[in-house]
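Read-outs: derived from the displayed coordinates by stated rules, not from any lab. The shown structure was predicted, so the numbers you read here are calculated from the model rather than taken from an experiment. Here Cβ is always computed from backbone atoms with ideal geometry, including for glycine, and neighbour counts include all displayed protein chains.
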Amino acid sequence: MEFKVTKKQAVILDPSKNMLEKRIPVEVRTDPLTGRTSRICHFRRLTFEKPDLTRLVEASQATCPFCPDKVLTLTPCFPAEIAPEGRLILEDMVLFPNIAPYDGLGAVGTLGSRHYIPMTEIEPQRIANGLRLAMDFYRRVRAARHPEAVYYLLSWNYMPASGSSLIHPHLQIFASSTAPNQLREELSAAKAYELQHGSIYWDDLVSAEKAEGSRYLGRIGRIEWIAGFAPFSVVGDVTAVIADCRTILDLNEPDLIAIAKGLTAAMAAYDKMGIYNFNVCFFPGAEEDEFARLHLVFSPRIYYNPLLATPDATALRILYNESICAGFPEEIAAAVREEFKAPR
Ligand SMILES: [Zn+2]
């Protein structure tokens, strides 16, 4: 497995040093599976000022459709073949159809009744319950033989820089016969990899990262945690590979807790950098994809300019689909690893 790094240098005459020549390093990293590139550049200190969110939280609460006084009146219900009771409920969590679906089958699940939960206060049990509720939904659409019950997809946009339009924590839970671009490219590359090597890419990745060591974060249960070699995010990301699983429906009870503990470790680590927004996506295969391995990516989000609320999704990122990471993933991994060592 090749972790390909192409080192480059930009030469400028530095106005702060009397136009003295300055060489600025840039790395182009190539993802070993898909060939997607990510640029390690724009180096900066990865510490950010966390703003006071009190006003944002208060102002958004009055009209929040996910708060307990409104969730059972403002959210839609499923047709009877999916949920005769209309919505799926687990303790204080509610799962209902997405009013703005991405596909023929889409749901949203609240992560409980609390309108705002600071990132470091999100308990592993809460995340595990959210996944449990999502699995209930996937089981039902599978049992109903819904035509979209092929890829069980789960994503989480937390706080506005992640693209979330609501403060209230919630999961995007859907199923689709159309794999999203990144997933489709990964699955197609993993299929080719298995044909060529006779093994599953993600299992080999875990072995290679463990041997290499600088991005390996640790193991919780049968989940292996790794900092991304060619990250999607400006501040690096954290990948989890779940042994022996292809789809979210393969997860067992200890897996749910292990995933939740790893995610909260990642959140704790990024909180220390002043980061408070993130995306998570699960990448499953279809049930019959023997070359697939369920994995997920936790990818923190920042504002390039907090004053202007400038998102980190620029033309380069959205239209060229090119990622920038403003620090070396191995250095970010060293900071994140500390939280994976801490008991939780
Ligand atoms: Zn709310």
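So, counting K/R as plus one and D/E as minus one, what does the shell of residues with Cβ under 15 Å around Asn157 add up to?
On the way: positive: Arg301; negative: Asp237, Asp312.
That sum, taken over residues with Cβ under 15 Å, equals -1.
Averaging the sequence gap over all C-alpha pairs within less than 8 Å and six or more residues apart, then dividing by the number of residues, gives region 203-334 a relative contact order of 31 percent.
Amide H to amide H, with H built 1.01 Å from N, Ala144 comes under 5 Å of no residue 5 or more places away or on another chain.
Annotation: peptides 310-318, 233-241, 7-15, ranked by per-residue average of other Cβ atoms within 10 Å with the highest first, follow the order 233-241, 310-318, 7-15. Protection proxy ranking, highest mean first, for peptides 328-338, 260-270: 260-270, 328-338, where packing is the per-residue count of other beta-carbon atoms within 10 Å, averaged.
Taking the longest Cα principal axis of the chain as reference, the axis of helix 253-271 is set at about 40 degrees. For Ala144, the shell of other residues with beta-carbons less than 15 Å away shows a net charge of 0, using +1 for Lys and Arg and -1 for Asp and Glu.
Do me a favour and compute the ellipsoid semi-axes for region 109-152 from its Cα gyration tensor, root of five times each eigenvalue, largest one first, whole Å.
28, 9, 8
For region 1-78, the square roots of the Cα gyration tensor eigenvalues, ordered a ≥ b ≥ c, give a/c of at least 1.5 with a/b no greater than b/c, which places it in the oblate category. Within the shell defined by Cβ-Cβ distances under 12 Å, the residues around Gln61 carry a net charge of +1, with Lys and Arg each +1 and Asp and Glu each -1.
Restricting the trypsin sites (Lys or Arg not before Pro) of region 99-159 to loop positions (DSSP other than H, G, I, E, B) with no more than 10 neighbouring Cβ atoms within 10 Å leaves Arg145. Can you give the angle from 0 to 90° between the axis of helix 181-197 and the longest principal axis of the chain, with both taken from C-alpha atoms, to the nearest 10? Helix 181-197 and the main axis of the chain meet at about 70 degrees. Within the chain, DSSP assigns beta bridges of which about 95% are antiparallel (rounded to the nearest 5).
Shape class for region 178-313, computed from the alpha carbon gyration tensor (a ≥ b ≥ c): prolate, with a/c not under 1.5 and a/b above b/c.
For the chain, Cys41, Cys77, Cys245, Cys281, Cys325 stand unpaired, since no other cysteine beta carbon lies under 4.7 Å from theirs. Annotation note: GluC sites (Glu not before Pro) in region 21-72 located in DSSP loop regions with a Cβ neighbour count of at most 14 within 10 Å are Glu49.
One Cα centroid belongs to region 249-326, the other to region 102-180; the line between them spans 14 Å.
If each DSSP helix of 4+ residues adds -39,500 (n - 2.57) and the sum is divided by the residues in the chain, what number results at 222 nm, nearest 500 deg cm²/dmol?
Calculated mean residue ellipticity at 222 nm is -9000 deg cm²/dmol.
Semi-axis lengths, largest first, of the ellipsoid equivalent to the chain are 34, 26, 18 Å, with √(5λ) applied to each eigenvalue of the Cα gyration tensor.
Simple rule: put +1 on each Lys or Arg Cβ and -1 on each Asp or Glu Cβ in region 1-144, find the dipole, and look at Val108, Ala83, Ser38; the Cα lying farthest toward the positive end is Ser38.
The C-alpha atoms of region 257-344 occupy a region whose extents along the principal axes are 45, 37, 21 Å, arranged from largest to smallest.
Mind ranking 302-309, 86-93, 220-227 by how tightly packed they are, going by the mean number of other C-beta atoms within 10 angstrom, highest first?
With the highest mean Cβ count within 10 Å placed first, the list reads 220-227, 86-93, 302-309.
Computed on the chain, with alpha-carbon pairs under 8 angstrom and 6+ residues apart, the relative contact order is 20 percent.
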